[in-house]
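Participant: Below are the structure tokens for one structure; questions will follow.
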Amino acid sequence: MARHQGRGMASINYPIGMNLGGDPSQALVHANPDGKFTVALSAIDLGQGMKQVSRQIAAETLGVPIEDVYVDTADSDTGPHDMGSFASRGTHRVGNAVIVAAKEARGVLLEAAAEELEVNADDLVTDGKGNIHVRGAASKSITVKAASQAAQFKQGKTISGRGIFLIPLSNVNPETGEMSPVTAYAHACLVVDLEVCDETGDVKVNKLTSAYELGRALNPKMVEQQLVGGAWMGMSHALYETPEPYYPNPENGGRDYNEYLMPGPGDIAPHDIAVLERPAPDGPFGGKGPGEMCANPVLPAVANAIFNAVGVRIDTLPITPEKILRALRAQGGARPQARRA
Amino acid sequence: MLEFRKDLFADERDDNLNVIGKGEQRQDMLGHVTGRTRFFDDHGFDGLLHLKVVRSPHHHARIRSIDVSAAERAPGVKRVIRAQDVPVNKNTLLSLIGFGKDDEPTLAVDKVRYKGEPIVAIIAASDAEAMAAVKLVRVSYDPLPTVFDVQEALKPGAVVVNETYPGNYFEYHDKYDHQKLRFGDVEAAFRTADHVLEERYQMSPIEHASTETNGTIAAPETNNRYVVHSCAQGLFFSLGTTAKILALESNRLHFIGGTVGGGFGGKVDSLTEPLAVLGAILTGQPVRYVLGREEEMQFGSPRGAERHVIKDGVMRDGRIVARQITSYFDAGAYTRLSSYGVVKCVAHMPGPYTIPNVRGDAYCVFTNRVPATAMRGFGVTGLDFSIEVQMDKLAHLVGIDPMEFRILNAYRDGDMKAHRRVAHNTALIECVQVAAQKVNWPLSETARRASSLSGGGGPRAAIPPTVTDESGRIGRPETRQAPPQLTPGAAPLPAYQPAPAVPVQQPAAPLPNYPSQPAAAAPLPAPTPPVQTPPPTPQHGAARFSSVFTRRR
Amino acid sequence: MARMPVQFRLNGTDRAVFVEPVETLLGTIRRGLGDFAPKFGCGQGTCGACTVLVDGEPRLGCLTLSVTCEGRSIETASGLADGPTLHPLQAAFMEHFAAQCGFCTPGMLMAAKALLDRNPDPTRVEVVEAIAGNICRCTGYEPIINAILAAAQQRGARRA
């Protein structure tokens, strides 16, 4: 019996946004009289952080502190239409709609401030701390709160904005497959270090090392959440998960979390990540959205590392100990490949 | 551990923003840690009723009769809902964007097409009473033959799963039995390639396994409206689907959601909303329809299985000159979103590499299993697994380091993609370089100096003369691309047998060391053993698929 | 079957409620008493989302009959904070971004509290064992483990 070390890698890209477009998202932004903003959406937070990412995009666009923005989603009576949270579309589509809405609201806010300061609105800037001042003359300023109060109670203006983002539906050529699927791609390369036991077929993942390019990381903490959790899911898909262990035989599916296997807290591996940011030209502040793509490179990298460790190719997921053992037996034992680095 | 490589693409970013790029606390985090976050099921209602469904025990059967009389008399039962109570009992999810034909009933009418298909819904005062009454519904069936393998399902004369699509395939453009991708001429390129390698990959179905199961609470609201606490991943998607199935105007539905206990694609299908609302309409009381965990795992839509057969032509120097991918998406019994996943898959071919000749054929296939749906990486995860394992094999075959091999073939700004759009904003090369650096994986000087920003475009931006064909034309059997004649290594799995057989994909022969020299006329070792069944007889128009692929020609 | 009276203390407050003999503690707490912090994730005892403390011991609310809780003290995540002051575990979960969808969080917190209450200075392995019955599908567990270890450290520092 021996445990064989192996290293494998894979590189991928991933389309951001619903393929072929035709999937609008809307946003509404409005201010209370004291300059606190609400963003109304019908976007869905599945845990990926839709509320917070929309909040940061709105705060940045409005030029106000993050605490002054609250995202209210999703109530169909108050939130405007949105297709939903799937197909890596949330950050890209909703984010862009929020920018449009927040820009309109900001325009009214600056007009109100300009009227109070008796200057041209084009000359005004925000400091992100709750103040509006004349560009190059910080002393000539008014707070967002005062401008909002003036708009509401003196000027009779509504500080609000509407936004929609739509990439029109693209057709697919039946003969050639010519199409405009998406406008932005995220990228990744991931290396897996693992060991394979040639007696039990057990695979222990020891380390993940990765480079992910996601456009601008709108919130680094939430990017880390996605990449760590997503890579865990990739490892799970590679080695554990299946509702049909002998597909296409439809039987023997798990009925609970004891029968449907996933790596538990004792089965995880450290993940060393580098984040690259090449902003997407049409993404909100260049953001792409890492949520879906982060699991993908792990599956092939695990398979390639197993080959590197013991010389067997398992082309059918998940790569269970049973499959490894059968392959090793057919091969006449482990055949470790050249070590890498 | 997470580091930012701010040095890369620095001139394309303004890093002086106030809020963007900051690791601000999540708006929802305090609610999560205090237990105050309200998910769909965290809403109290007086007089809450509970809905459970009777599910088919058969994978495929004609329904002879349904007798609900005992269930109707059972303790606590308030209402039994049958197929005829559903106003528009046929739908397909993507009809909201005009894609596909209505093919799925909310409650089965004349036949069941998968094990677990809902037939009757019971609404009772408690969960336990609803479950007890479910057992009292008597349904008699005539079991029908089944088909579980995608390639078996595509054969002429196969059992028809879903009569809306009698060939067991989703119909693309009302013209073909699959979606095509044609770019250049792969056949010509295979003839000039130093090596040709064809391999088959199989992605398992996957359960989303979100800790919150699918569910809905619907209740009568004021003004003849209904409030719907929903776990949907698309609020208006689900509202629109519910409105269509129940023939209601959208403004009679008040959907509340947006805070969901994990989705990963498993909450796009509106599995529970329509029946819960219908229950609230029919009883005038709040109705809760929540899938149990076993129900979710067995009958909630999973990520569907995918099979990808990849054939590559590669030169000794490592350039891939042709890639052909045949993909089969197992949709299960109804379309749901698989038709979309197939198009996304085709758009993703041939992966993040610039290959001058690409051919793709992707099928959305109906089988007698639980309908599949979207999942994280939909249409791409399985293809990426296949492509990247194939890339590893190709690198091994030509004796090039796998990282170098990726960089050599990587797409760059200005390159033409197989779906005929120019690539921009690419960064694959940089990702490979950074990952290599992090693990001290030695790269050549050439690979270290490569860049996504240069070396692309020019001749790589050209759209090559392309061979098109009519294979798979619907209604023209002579052009119907029968299941491609596969190599022994890529033979279809045996049809489903009730007793779980030994898994069928064990390599039978030593194989891992691909010859590093040109394979000449000698066949490469096949990755899987010849199966016992003879290869399928070539069908109409399939002669061109009948040669052995894994051999240099 | 006749409903039965049961009294217990929930997050420090005495509560009395009538329950079915087969009613689970999870059902009583959620639908009977309106504390929606513990979650229904499986009803089979395999996900841990319903974890509550019964007399300080972690228990699966979905497999515990309410009638067996007569006279006991029940704690849920709703009672974890001391008024507006967060429990160190809550603060650490926030600090470490140890939740995404948040559905497993109330159960995870209670499993962790049971651990720290009996073992204020756990090793990583002990933390892993304490939450091994709690499924999280989002985070990959790493931030949760780190948060629990950090909370233990912080409580230790406060005691020192």
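The values are calculated or read from the model by the stated rules, or taken from the named source; none is laboratory data. Just so it is clear, the structure is predicted and the values come from calculations on it, not from any experiment. Quick reminder, even Gly has a Cβ in these numbers, built from the backbone with ideal geometry, and neighbours come from all protein chains shown.
Here's the yes/no breakdown for (1) out of contact with any Cys (no Cβ under 7 Å at 6 or more places or on another chain); (2) surrounded by 24 or more Cβ atoms within 10 Å (Cβ to Cβ):
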| residue | (1), (2) |
| --- | --- |
| B:Arg191 | yes, no |
| B:Tyr226 | yes, no |
| B:Phe255 | yes, yes |
| B:Gly261 | no, yes |
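Participant: Do you know which residues across the range B:323-351 are part of a loop (DSSP other than H, G, I, E, B) and aromatic (Phe, Trp, Tyr)? Even if it seems obvious, please write down each step before you answer.
Facilitator: Quick first cut of the range B:323-351, residues part of a loop (DSSP other than H, G, I, E, B) only: B:333-337, B:349-351.
Of everything in the range B:323-351, just one residue is part of a loop (DSSP other than H, G, I, E, B) and aromatic (Phe, Trp, Tyr), namely B:Tyr334.
Participant: Follow-up. What about B:Phe39, is it surrounded by fewer than 19 Cβ atoms within 10 Å (Cβ to Cβ) and aromatic (Phe, Trp, Tyr)?
Facilitator: On the way: surrounded by fewer than 19 Cβ atoms within 10 Å (Cβ to Cβ): no; aromatic (Phe, Trp, Tyr): yes.
Here the answer is no, as B:Phe39 does not meet what is asked.
Participant: Assess whether A:Asp256 counts as being surrounded by 20 or more Cβ atoms within 10 Å (Cβ to Cβ), facing chain B (nearest Cβ under 7 Å) and either hydroxyl-bearing (Ser, Thr, Tyr) or over 21 Å from the mean Cα position of the chain (by Cα) (or both).
Facilitator: On the way: surrounded by 20 or more Cβ atoms within 10 Å (Cβ to Cβ): no; facing chain B (nearest Cβ under 7 Å): yes; either hydroxyl-bearing (Ser, Thr, Tyr) or over 21 Å from the mean Cα position of the chain (by Cα) (or both): yes.
Judged against the criteria, A:Asp256 is not a match.
Participant: Collect the residues in the range A:276-296 that are out of contact with any Pro (no Cβ under 8 Å at 6 or more places or on another chain) and within 7 Å of chain B (Cβ to nearest Cβ), keeping them in residue-number order. Break it down stepwise before answering.
Facilitator: So the first thing to find is which residues in the range A:276-296 are out of contact with any Pro (no Cβ under 8 Å at 6 or more places or on another chain), and the list is A:276-284, A:288-296.
Selection gives A:Leu276, A:Glu277, A:Arg278, A:Pro279, A:Ala280, A:Pro281, A:Glu292, A:Met293, A:Ala295, A:Asn296.
Participant: State whether one or more residues within the range B:73-93 are surrounded by 20 or more Cβ atoms within 10 Å (Cβ to Cβ), free of Cβ contacts under 8 Å to residues at least 60 places away in the same chain and among the β-branched types (Val, Ile, Thr).
Facilitator: yes
Participant: Please enumerate the residues belonging to the range B:444-459 that are more than 10 Å from chain A (Cβ to nearest Cβ) and assigned to a loop (DSSP other than H, G, I, E, B). Outline the logic, then answer.
Facilitator: Restricting attention to the range B:444-459, the residues satisfying the condition of being more than 10 Å from chain A (Cβ to nearest Cβ) are B:444-451, B:454-459.
Listed by number, the residues that qualify are B:Ser444, B:Ala450, B:Ser451, B:Ser454, B:Gly455, B:Gly456, B:Gly457.
Participant: Right, next: Please state which one of B:Ala70, B:Ala74, B:Ala83, B:Ala108 is touching an Asp or Glu at 6+ places or on another chain (Cβ under 6 Å) and aliphatic (A, V, I, L, M). I'd like the intermediate steps shown before the answer.
Facilitator: Numbers: B:Ala70 fails: touching an Asp or Glu at 6+ places or on another chain (Cβ under 6 Å); B:Ala74 fails: touching an Asp or Glu at 6+ places or on another chain (Cβ under 6 Å); B:Ala83 fails: touching an Asp or Glu at 6+ places or on another chain (Cβ under 6 Å).
None of the other options fit; the residue is B:Ala108.
Participant: Does the range B:383-406 include one or more residues that are part of a strand (DSSP E or B) and hydrophobic (A, V, I, L, M, F, W, C)?
Facilitator: Pass one, the range B:383-406, residues part of a strand (DSSP E or B): none.
So far as the range B:383-406 goes, no, none of its residues is part of a strand (DSSP E or B) and hydrophobic (A, V, I, L, M, F, W, C).
Participant: Same structure again: What pairs come up if the first residue lies in the range B:56-71 and is touching a residue at least 40 places away in the same chain (Cβ under 8 Å) and in a helix (DSSP H, G or I), the second is buried (at least 19 other Cβ atoms within 10 Å of the Cβ) and of a type in the set (Gly, Ala, Ser), and their beta carbons are under 9 Å apart, counting only those six or more places apart or on different chains?
Facilitator: Qualifying pairs under 9 Å: B:Ala70/B:Ala133; B:Ala71/B:Ala133.
Participant: Also, quick follow-up: Which of the residues that make up the range B:67-102 are closer than 26 Å to B:Tyr165 by Cα and either among the aliphatic types (A, V, I, L, M) or within 14 Å of chain A (Cβ to nearest Cβ) (or both)? Let's see the steps before the verdict.
Facilitator: Of the range B:67-102, the ones closer than 26 Å to B:Tyr165 by Cα are B:82-102.
Result: B:Ala83, B:Val86, B:Val88, B:Leu93, B:Leu94, B:Ser95, B:Leu96, B:Ile97, B:Gly98, B:Phe99, B:Gly100.
Participant: For residues that are in a loop (DSSP other than H, G, I, E, B) and modelled with pLDDT of 95 or more, scanning just the range A:88-141, find the one that is surrounded by the most Cβ atoms within 10 Å (Cβ to Cβ).
Facilitator: First, the residues of the range A:88-141 that are in a loop (DSSP other than H, G, I, E, B): A:88-89, A:118-120, A:127-130, A:135-136.
Remaining after also requiring modelled with pLDDT of 95 or more: A:118-120, A:127-130, A:135.
Working: A:Glu118: 7, A:Val119: 18, A:Asn120: 11, A:Asp127: 15, A:Gly128: 16, A:Lys129: 12, A:Gly130: 16, A:Arg135: 11.
Within the range A:88-141, the match that is surrounded by the most Cβ atoms within 10 Å (Cβ to Cβ) is A:Val119.
Participant: Sticking with this structure for a sec: With respect to B:Leu49, is the statement that it is within 13 Å of chain C (Cβ to nearest Cβ) and either buried (at least 22 other Cβ atoms within 10 Å of the Cβ) or touching a residue at least 12 places away in the same chain (Cβ under 8 Å) (or both) true? Steps first, answer last, please.
Facilitator: On the way: within 13 Å of chain C (Cβ to nearest Cβ): yes; either buried (at least 22 other Cβ atoms within 10 Å of the Cβ) or touching a residue at least 12 places away in the same chain (Cβ under 8 Å) (or both): yes.
Judged against the criteria, B:Leu49 is a match.
Participant: Now a separate question. Given the options B:Thr192, B:Thr164, name the one that is in the same structural domain as B:Thr335 (by TED's automatic domain parsing), within 27 Å of the chain's Cα centre (by Cα) and at pLDDT 95 or above. Outline the logic, then answer.
Facilitator: Numbers: B:Thr192 fails: within 27 Å of the chain's Cα centre (by Cα).
Residue meeting the stated conditions: B:Thr164.
Participant: So in the range A:30-48, with the set limited to residues that are touching a residue at least 24 places away in the same chain (Cβ under 8 Å), assigned to a loop (DSSP other than H, G, I, E, B) and within 26 Å of the chain's Cα centre (by Cα), which one is farthest from A:Val144 (Cα to Cα)? Walk me through it before giving the result.
Facilitator: First, pick out the residues of the range A:30-48 that are touching a residue at least 24 places away in the same chain (Cβ under 8 Å): A:30-46, A:48.
Narrowing further to those that are assigned to a loop (DSSP other than H, G, I, E, B): A:32-36, A:41-44, A:46, A:48.
Pick out the ones that are also within 26 Å of the chain's Cα centre (by Cα) and you get A:41-44, A:46, A:48.
On the way: A:Leu41: 23, A:Ser42: 27, A:Ala43: 27, A:Ile44: 29, A:Leu46: 32, A:Gln48: 31 Å.
Filtering the range A:30-48 for residues that are touching a residue at least 24 places away in the same chain (Cβ under 8 Å), assigned to a loop (DSSP other than H, G, I, E, B) and within 26 Å of the chain's Cα centre (by Cα), the one farthest from A:Val144 (Cα to Cα) comes out as A:Leu46.
Participant: Separate question: Tally up the residues in the range B:105-146 that are within 24 Å of B:Leu246 (Cβ to Cβ), in a loop (DSSP other than H, G, I, E, B) and of a type in the set (Lys, Arg), please.
Facilitator: 1
Participant: From the list C:Gly156, C:Gly133, which residue is surrounded by fewer than 24 Cβ atoms within 10 Å (Cβ to Cβ), in a loop (DSSP other than H, G, I, E, B), among the small types (Gly, Ala, Ser) and touching a residue at least 12 places away in the same chain (Cβ under 8 Å)?
Facilitator: Details: C:Gly156 fails: in a loop (DSSP other than H, G, I, E, B).
None of the others qualify; the one that does is C:Gly133.
Participant: Here is a follow-up. Right, B:Pro402: closer than 24 Å to B:Leu2 by Cα and out of contact with any Phe, Trp or Tyr (no Cβ under 7 Å at 6 or more places or on another chain) or not?
Facilitator: Details: closer than 24 Å to B:Leu2 by Cα: no; out of contact with any Phe, Trp or Tyr (no Cβ under 7 Å at 6 or more places or on another chain): yes.
Answer is no for this residue.
Participant: Let me ask something else. Is there a residue being facing chain A (nearest Cβ under 8 Å), of a type in the set (Phe, Trp, Tyr) and in contact (Cβ under 8 Å) with a residue 12 or more places away in the chain anywhere in the range B:357-373?
Facilitator: no
Participant: Wholly within the range C:1-92, which strands (runs of 3 or more DSSP E) include no fewer than the required count, namely at least 3 residues that are touching a Lys or Arg at 6+ places or on another chain (Cβ under 9 Å) and not small (Gly, Ala, Ser)? Outline the logic, then answer.
Facilitator: Details: elements: C:4-10, C:13-19, C:51-54, C:57-60, C:73-75.
Ranges flagged: C:4-10, C:13-19, C:51-54.
Participant: Residues C:Leu86, C:Leu53, C:Leu65, C:Leu26: which one is of a type outside the set (Val, Ile, Thr), farther than 26 Å from A:Pro263 by Cα and either modelled with pLDDT under 95 or crowded, with 19+ Cβ neighbours inside 10 Å (or both)?
Facilitator: Numbers: C:Leu86 fails: either modelled with pLDDT under 95 or crowded, with 19+ Cβ neighbours inside 10 Å (or both); C:Leu53 fails: farther than 26 Å from A:Pro263 by Cα; C:Leu65 fails: either modelled with pLDDT under 95 or crowded, with 19+ Cβ neighbours inside 10 Å (or both).
So the residue among C:Leu86, C:Leu53, C:Leu65, C:Leu26 that is of a type outside the set (Val, Ile, Thr), farther than 26 Å from A:Pro263 by Cα and either modelled with pLDDT under 95 or crowded, with 19+ Cβ neighbours inside 10 Å (or both) is C:Leu26.
Participant: For A:Ala238, are the conditions met, namely being buried (at least 24 other Cβ atoms within 10 Å of the Cβ), farther than 30 Å from B:Asn16 by Cβ and more than 10 Å from chain C (Cβ to nearest Cβ)? Give the steps one after another, and end with the answer.
Facilitator: Values: buried (at least 24 other Cβ atoms within 10 Å of the Cβ): yes; farther than 30 Å from B:Asn16 by Cβ: yes; more than 10 Å from chain C (Cβ to nearest Cβ): yes.
So A:Ala238 passes the test.
Participant: So for the range A:242-250 (the condition being more than 7 Å from every other protein chain (Cβ to nearest Cβ) and either in a loop (DSSP other than H, G, I, E, B) or surrounded by 22 or more Cβ atoms within 10 Å (Cβ to Cβ) (or both)), does at least one residue qualify? Lay out the reasoning, then the answer.
Facilitator: From the range A:242-250, those more than 7 Å from every other protein chain (Cβ to nearest Cβ) are A:245; that's our starting set.
After this cut, where a residue has to be either in a loop (DSSP other than H, G, I, E, B) or surrounded by 22 or more Cβ atoms within 10 Å (Cβ to Cβ) (or both) as well, the list is A:245.
For the range A:242-250, residues more than 7 Å from every other protein chain (Cβ to nearest Cβ) and either in a loop (DSSP other than H, G, I, E, B) or surrounded by 22 or more Cβ atoms within 10 Å (Cβ to Cβ) (or both): present.
Participant: Against the condition in a strand (DSSP E or B), farther than 25 Å from A:Ser180 by Cβ and facing chain B (nearest Cβ under 9 Å), how does A:Ala10 come out, does it pass?
Facilitator: On the way: in a strand (DSSP E or B): yes; farther than 25 Å from A:Ser180 by Cβ: yes; facing chain B (nearest Cβ under 9 Å): yes.
So A:Ala10 fits the description; yes.
Participant: If only one of B:Lys111, B:Lys135, B:Lys155 is surrounded by fewer than 24 Cβ atoms within 10 Å (Cβ to Cβ), of a type in the set (Lys, Arg) and without any contact (Cβ under 8 Å) to a residue 24 or more places away in the chain, which one is it?
Facilitator: Details: B:Lys111 fails: without any contact (Cβ under 8 Å) to a residue 24 or more places away in the chain; B:Lys155 fails: without any contact (Cβ under 8 Å) to a residue 24 or more places away in the chain.
Unique residue meeting the criteria: B:Lys135.
Participant: Within the range A:60-87, count every residue that is assigned to a helix (DSSP H, G or I) and more than 7 Å from chain B (Cβ to nearest Cβ). Don't jump to the end; show me each part of the working.
Facilitator: Residues of the range A:60-87 that are assigned to a helix (DSSP H, G or I), as a first pass: A:60-62, A:66-68.
Still in the running and more than 7 Å from chain B (Cβ to nearest Cβ): A:61-62, A:67-68.
Qualifying residue count for the region: 4.
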